[in-house]
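The values are calculated or read from the model by the stated rules, or taken from the named source; none is laboratory data. None of the values given here were measured: they were computed from a predicted structure. Positions of Cβ are backbone-derived with ideal geometry, glycine not excepted, and every protein chain shown enters the neighbour counts. Remember, those area values only see protein heavy atoms, side chains included, never the ligands or the DNA or RNA. Shrake-Rupley method; radii C 1.70, N 1.55, O 1.52, S 1.80 Å.
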Amino acid sequence: MKTIQDPYSGETLAAVPALFPDVALLHVHRADRFGNCQIDGYPHMDGDIARAASTVLVTAERIVSEDEIRLHPDRTIIPGFLVDALAHVPYGSYPHECYGGYDAEPEHFTVYVDGIRERGAAAVADYLERYVYAPASHADYLALFGEARRADAAARARMLTT
């Protein structure tokens, strides 16, 4: 890792390569038909990624009217002119979280990591086969987790945000 000294504050900063992804795939809470995307909670670096990428693909928990987007313009993190494609995909970041909508499934990631520790690349290949290649649709993918687990994840998210 390289560091540089901030000429204004004198603080030592970590120097990292510039972000320039070819394709960005982002998941948002809601978007309108023009691709104006809103994120509840902390938006992390989604806006930066959208601005840096050559192509921006967005999945949204909900597609809403332009009027609903206008109610909270401060939440419009990604403007529509940056978005190349938009799809309505409820539970689109599951088993990760969608703030306020559903909580993450840490056990899922623990099983994945433990599998890699035990079996190395074979565990990655098995994971990809089961969760990426085998499901014929997003509904089939979600069925691997079961409705009860998703309901529990939604309940945990409500508990954490109320």
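The heavy atoms of D48 present about 100 square angstrom of accessible area, all protein chains included, probe 1.4 Å. Directionally averaged projected area (the range 85-127, Cα convex hull): 4.2 nm². As a length-normalised measure over Cα pairs under 8 Å and 6 or more apart, the relative contact order of the chain settles at 18 percent. Of E107, E61, the residue with the largest accessible area leads and the full order is E107, E61 (1.4 Å probe).
In the context of the full set of protein chains, residues of the chain present 64 Å² of accessible surface per residue (probe radius 1.4 Å, heavy atoms only).
Other residues within the sphere of radius under 15 Å centred on the Cβ of V113, judged by their own Cβ, net out at -3 (K and R +1, D and E -1).
Taken over the chain, the alpha-carbon convex hull comes to 182 cubic angstrom per residue. Heavy-atom surface analysis with a 1.4 Å probe gives the chain a carbon and sulfur content of 57 percent of its accessible area. Taking the Cα centre of the chain as origin and assigning +1 to Lys and Arg Cβ atoms and -1 to Asp and Glu Cβ atoms, the resulting dipole is close to 40 debye. Heavy-atom accessible area for D74, with the other protein chains in place and a 1.4 Å probe, reaches approximately 120 Å².
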